[in-house]
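The values are calculated or read from the model by the stated rules, or taken from the named source; none is laboratory data. Keep in mind that this is a model prediction, so the values were computed, not measured. Virtual Cβ from ideal backbone geometry, glycine too; neighbours counted across all protein chains shown. We work out accessible area using only protein heavy atoms, side chains counted, and drop any ligands, DNA or RNA first. Shrake-Rupley method; radii C 1.70, N 1.55, O 1.52, S 1.80 Å.
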Amino acid sequence: MALILVRYGEVAIKGVGTRSRMEGLLMHNILSGLRGIGISAKAIRSQGRLFVEVPDDRVKEGIDLISRVFGVKSLSPVRAYVFKELNDIVNAAVKEWSDLVRGRRFAVRVHRVGSHNFTSMDVAKAVGAALKPFSAGVDLERPDIELFIEVRGDNAYLFTEVINGPGGLPLGSEGRLLALISGGFDSPVAAWFMMRRGSYIDALFCSLAYPIDVINFLRVSHALFSRWSIGYDPRLFIIDCSPLISEFRAKANPHMWSVLFKRVLYEVASRVARSIGALGLVTGESLGQVSSQTLHNLMAIEHGIDIPIYRPLIGLDKDDIMDYARRIGTYEESMRTEEFCAIFSEKPRTRVTIDELDSEFRKLDQSLINNLLNSIVTLRASAAGKVIDGLMLGASDVEIDHVPENAVVIDLRSRGEYEAWHYPGAVNVDVDRLVSMAEAMGRDRVYVLYCSRGLSRQVGCA
């Protein structure tokens with residue numbers, strides 16, 4: 001069996017009871033994650049460290065997984081030696097590293113815990129002197145290689161790698177939150193930040209253009225949770241929000257659609273959060289990034305929502321967020337996500353008042369919230385891959401890569417949208433006239449439709 005030394009940061013400075021609980025949770029998450037990839041492992045606590053035993057042929061996989069467990073500050077694959085005196089450690093170091101330092105400048109770094117008749121400096125000097133004849137010399141400032149020794153009780157652990165973990169607190173140590181996740185860059189990063197602070201995260205998605213937008217959401221969720229939610233299988237709540245499109249267009253001020261949509265979404269999400277015992281909502285909003293994220297609009301949107309809303313990205317700019325998306329592995333999937341523009345204002349208001357937004361909200365059918373909640377589909381994040389495959393088969397009948405020869409291309413957008421971008425040769429027609437137009441042109445023809453009520457610059461075949 002191979003041995004991996006696991007270090008943790010914040011957990012070590014907690015009070016005795018909290019520390020013990022968090023250490024146990026961290027150990028549980030590590031072992032649960034390893035079992036999930038078929039690795040049988042054991043873990044031992046030891047004064048601010050965990051030691052994890054894994055099979056020799058699974059060390060690389062074990063290291064990769066543990067390096068993604070929240071609460072882990074760093075880790076190292078180590079070789080353990082039992083010693084009685086300092087010279088035993090020196091002999092072990094020569095055995096391990098005499099070939100490794102050949103022709104290279106090296107430095108010895110020692111950390112010691114326990115009562116011994118020697119100091120950390122004594123160990124470093126003795127090992128350095130013993131290895132020097134095999135090497136190009138000692139260089140403490142700019143070595144070619146660093147050699148680490150951790151002395152704990154009557155054991156010495158030798159290693160050359162320190163692999164960074166995500167830090168933070170063990171997942172599950174701070175309760176549960178519900179994240180509003182789209183397929184974009186911001187919301188998955190926001191969820192990651194709150195997971196890093198110890199919160200279980202479940203996710204809610206509002207679908208406006210099924211199945212394409214659901215596929216995007218599931219892809220991003222899979223990229224996030226399969227990599228980082230080690231020790232917990234999140235629930236994904238998918239809501240059919242398409243009824244909002246006609247409701248908004250019929251009753252609401254178009255310059256306020258964006259903030260009104262957020263207001264409805266917050267109301268729905270708060271009810272879902274309470275039903276699952278979540279202690280708040282998580283959103284990917286960054287101050288001033290878009291019109292709905294100004295201070296005025298954020299205040300108006302969250303007015304009346306009786307559950308905390310956490311915005312971990314509020315002070316980050318887009319470049320910061322994109323960098324984090326690359327780091328956590330959601331960037332590529334977010335890049336693939338299309339923008340859904342069905343109920344987003346062309347000339348949005350940036351300073352909507354609470355009274356104005358409340359007035360718009362009251363115009364909507366008040367049974368709408370319950371209808372949206374009744375449309376919820378729930379699945380576990382671990383099932384996302386299979387669901388994506390099934391939805392992709394259905395999506396192939398809706399989305400097309402090219403326009404068939406002799407097809408009639410119909411642009412269903414309003415005039416302002418029509419002028420912004422237009423497929424060559426497309427006929428611009430109102431949706432209410434679509435059936436009569438198809439009847440006039442012939443039912444045996446192929447019609448390709450595109451509009452603002454779904455994918456941006458995408459087409460569907462009917």
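Across the range 370-387, the qualifying residues are those that are modelled with pLDDT under 90 and open to solvent by 40 Å² or more (accessible area, probe 1.4 Å), and the one among them that is nearest to Ala273 (Cα to Cα) is Val387. For Arg109, the conditions (1) over 19 Å from Tyr232 (Cβ atoms); (2) open to solvent by less than 60 Å² (accessible area, probe 1.4 Å) all hold with the exception of (2). For the range 299-350, residues that are modelled with pLDDT under 90 and basic (Lys, Arg) total 2.
Residues in the range 100-143 that are more than 38 Å from the chain's Cα centre (by Cα), of a type outside the set (A, V, I, L, M, F, W, C) and not in a helix (DSSP H, G or I): Arg102, Gly103, Arg104, Arg105, Gly114, Ser115, His116, Asn117, Thr119, Ser135, Gly137, Asp139. Can you tell me which of (1) open to solvent by 70 Å² or more (accessible area, probe 1.4 Å); (2) touching a helix residue (DSSP H, G or I) at 6+ places or on another chain (Cβ under 7 Å); (3) under 20 Å from Phe185 (Cα atoms) is the one Thr283 doesn't meet? All conditions pass for Thr283, except number (1). When the range 300-320 is filtered for residues that are small (Gly, Ala, Ser), in contact with a Leu (Cβ under 8 Å, 6 or more places away or on another chain) and in a loop (DSSP other than H, G, I, E, B), only Gly315 remains. On the stretch given as the range 43-85, residues that are crowded, with 19+ Cβ neighbours inside 10 Å and assigned to a loop (DSSP other than H, G, I, E, B) total 3. The residues listed here are Val272, Val290; of these, the one that is open to solvent by 10 Å² or more (accessible area, probe 1.4 Å), in contact (Cβ under 8 Å) with a residue 24 or more places away in the chain and under 22 Å from the mean Cα position of the chain (by Cα) is Val290. Between Glu150, Glu96, Glu146, the distinction of being touching a Leu at 6+ places or on another chain (Cβ under 8 Å), surrounded by 14 or more Cβ atoms within 10 Å (Cβ to Cβ), in a strand (DSSP E or B) and of a type in the set (Asp, Glu) belongs to Glu150 only.
Among the residues of the range 355-389, just one is basic (Lys, Arg), more than 17 Å from Ile305 (Cα to Cα) and over 21 Å from the mean Cα position of the chain (by Cα), namely Lys363. Can you tell me which residue within the range 204-254, out of those that are polar (S, T, N, Q) and part of a loop (DSSP other than H, G, I, E, B), is least open to solvent (accessible area, probe 1.4 Å)? Residue satisfying both the conditions and the ranking: Ser229.
The residue of the range 352-369 that is farthest from Leu244 (Cα to Cα), among those that are open to solvent by 80 Å² or more (accessible area, probe 1.4 Å) and not in a loop (DSSP other than H, G, I, E, B), is Asp355. Looking across the range 1-21, the residues that are hydrophobic (A, V, I, L, M, F, W, C) and modelled with pLDDT under 95 come down to Met1, Val11, Ala12, Ile13, Val16. In the condition set (1) more than 27 Å from the chain's Cα centre (by Cα); (2) hydroxyl-bearing (Ser, Thr, Tyr); (3) under 16 Å from Tyr8 (Cβ atoms); (4) at pLDDT 95 or above, Ser74 is compliant with all but (1). Confirm whether Asp358 is under 24 Å from Trp257 (Cα atoms) and modelled with pLDDT of 90 or more. Yes. When the test is whether a residue is touching an Asp or Glu at 6+ places or on another chain (Cβ under 9 Å) and in contact (Cβ under 8 Å) with a residue 40 or more places away in the chain, Ala209 passes it.
Test Ser275 against the stated conditions and say whether it is among the hydroxyl-bearing types (Ser, Thr, Tyr) and closer than 15 Å to Ser182 by Cβ. No: the conditions fail for Ser275. Any idea which of Ser98, Ser115 is small (Gly, Ala, Ser) and free of Cβ contacts under 8 Å to residues at least 12 places away in the same chain? After ruling out the rest, the residue left standing is Ser115. Within the bounds of the range 123-137, is there any residue that is of a type in the set (Val, Ile, Thr), within 30 Å of Glu85 (Cβ to Cβ) and open to solvent by 20 Å² or more (accessible area, probe 1.4 Å)? Checking the range 123-137: not a single residue is of a type in the set (Val, Ile, Thr), within 30 Å of Glu85 (Cβ to Cβ) and open to solvent by 20 Å² or more (accessible area, probe 1.4 Å). In the range 11-37, which residues are free of Cβ contacts under 8 Å to residues at least 12 places away in the same chain, more than 22 Å from His111 (Cβ to Cβ) and either in a helix (DSSP H, G or I) or open to solvent by 50 Å² or more (accessible area, probe 1.4 Å) (or both)? Within the range 11-37, Val16, Gly17, Thr18, Ser20, Gly24, Arg35 meet the criteria.
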